[in-house]
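Notes to accompany the following structure.
The values are calculated or read from the model by the stated rules, or taken from the named source; none is laboratory data. Quick caveat: nothing in here was measured; it's all calculated off a predicted structure. Note that we place each Cβ from the backbone using ideal geometry, even for glycine, and neighbour counts take in every protein chain shown. Just the protein is used for accessible areas: all its heavy atoms, side chains included, with ligands, DNA and RNA removed. Shrake-Rupley method; radii C 1.70, N 1.55, O 1.52, S 1.80 Å.
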Amino acid sequence: MEFFKELIFGVPESFSGGVAHSVIVLSLVIAAGYILAKIKIKGISLGITWILFAGIFLGHFGITLDSRLLSFIKEFGLILFVYSIGIQVGPGFFSAFRAGGLKLNLIAAGSIAVSVITTIVIHLITKLPISTMVGILYGAVTNTPGLGAAQQTYTDITGTNAPEIAMGYAVAYPLGVVGAILTLLLLRYLTKINPKEEEEAATKISGSGSRQEVVRAVALVTEDKGNGKKISWLTEQLNSKFIISRIRPANSDEAVLADGETVLHTGDKVLIVAGKNDLPEIFSLLGEESDYEWNITEHNLISRQILISKNELHGKTLAELNIRKNFEASITRVNRAGLDLVASPDLRLHIGDRVTIVGSEDAISHAEHLLGNSLKRLNQPNLIPIFVGILLGCVLGSIPIPLPGVPFPVKLGLAGGPLIVSILISRFGPDFKIVTYATASANLMLREVGIALFLASVGLGAGADFVKTIVEQNGFIWIAYGALITVIPYLVMGLLAKLVFHVNYYTVIGVLSGANTNPPALAFSGEQTSCDAPAVGYATVYPLSMFLRVISAQLLIIFFI
């Protein structure tokens, strides 16, 4: 039985109790958390947040790991989590910012301001030391880099450590997670949203304010409008993106491919692929909408989906491929991560895109050889951009940034730096021939492993003194203060965002999670919907929010110590 005791409680003379002990404890916490996550009460589950509570439970009974190892696991898990989030939402990050990112960042900044003001008010009323209040604040908003910044600033000013900062953080953190999740649920009922309608709306705008459903339609060319016009003329008249896939001439039963020099004639039937909202304007220039049912199984032309799997095509535009001229075929649409995009000439291809191509059997076979169409090739993991990106992110997060009037430089931290780098790589990588593609399952696995390690290490680290602090050091009051700091900003800014600024609910919960830099809240938010609006909202405000959280931590210590 001695070996069993060593596996659970560790070997005293070895670092962190031994490798087997460390792996067993982490596995036990994570497995127990995921099992408990399946429990639902009235349809509500706290999800993988149970991993945190499983860690606290074991930590309370002395089953934990060395603090240095826990610190590494926590930060490494957080890096994996935020990096995978950045890779996922990066391609839509800047378009989301143009479409409404300023508003979202103002909402996030407002949430941060409300939490800081709430902390100051509690400090002035209760006379609780600012060091303790800052710890409670950063536990309530689940911001580890801010905690570290506060501890470092306190040491720089006083020359001593402040254990009460970490203790306040540990006591407030669990309710910071649970309180955030419960408040997000409360917002859902207070704003009286229709989940199905809200999700449909979020799906249309997530990642870009201009995206819309891509559809096929048939137009009939009339004498007074489209007759005698080239397709290139139509392109010049419209700002919207569209593709004329095929034309069925008035005097022929066979469809033909079209290009910019194709001349339209009265009675021609034109098959169009475009955004649904752009169709009326296209019809008005060509002639009128037709109810003609296009026969997709034409004997001279076929349509097939081909997978982009060759690395050298990553970042190339459709114009550069010139499929129409080289193969007498036409790409009509591009499906990226389940979203259909119009195959405009300036659209850049990504590894993993599925293109719909129309042409003869021979033409499509030749085009398939160029494009790849190899699922096996895509299943090979592309690890270089991940670890190079994490490396660059850690460097960026460690750079001290001097600010006017602030005696100590601030840092983005080991979460903010990797997130910013992952967004930049996934967005601009194609311009530099950097392939960042990962299958959806691979990205999800990286994300889940990261958040599980993060929550397990936080729970194990907080468990040992959790009950003692609550019982002997007015911990219940600290928890109450933390609850106020958690709930008030969520409610105030959540209601303002939804009812005054009319932001989509799923975007709001992502923004509020990002303002609190709260990965568990984001994970919970992501479980509420199949769209990526929470992740996009989170990533849109996260860099600024992390920066403001770190700065405010240091300023609170500097001005109220």
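Here are a few things to note about the model shown:
- The chain: angle of helix 50-60 to the longest principal axis, Cα-based, in degrees nearest 10: 20 degrees
- C-alpha long axis of helix 505-515 to longest principal axis of the chain, angle in °: 40 degrees
- Among the listed pairs LYS196/LYS411; LYS230/LYS316; LYS127/LYS468; LYS411/LYS498, a Cα-Cα separation exceeding 29 Å is found for LYS196/LYS411; LYS411/LYS498.
- Helix 413-428 and the longest principal axis of the C-alpha atoms of the chain enclose an angle of approximately 0°.
- Report note on the peptides 488-494, 343-349, 143-149: ranked by the mean count of other C-beta atoms within 10 Å, highest first, their order is 143-149, 488-494, 343-349.
- Extreme residue, positive dipole direction of the chain, given options PHE327, PHE81, HIS350 (C-beta unit charges): PHE81
- For the chain, calculated [θ]222 nm from helices alone, where every DSSP H run of n ≥ 4 adds -39500 (n - 2.57): -19500 deg cm²/dmol
- Across the accessible surface of the chain, with the other protein chains kept in place and a 1.4 Å probe, carbon and sulfur atoms take up 62 percent.
- Options (i) 34.4; (ii) 26.6; (iii) 30.6 - which one matches mean projected area of the Cα convex hull in nm² as calculated here: (iii)
- The charge dipole of the chain, taken about its Cα centre with unit charges on the Cβ of Lys, Arg, Asp and Glu (plus for the first two, minus for the last two), comes to roughly 1000 debye.
- Amide N proximity, the stretch 136-173 versus ILE470 label position 7 Å along Cα-to-Cβ, cut-off under 14 Å: 170-173
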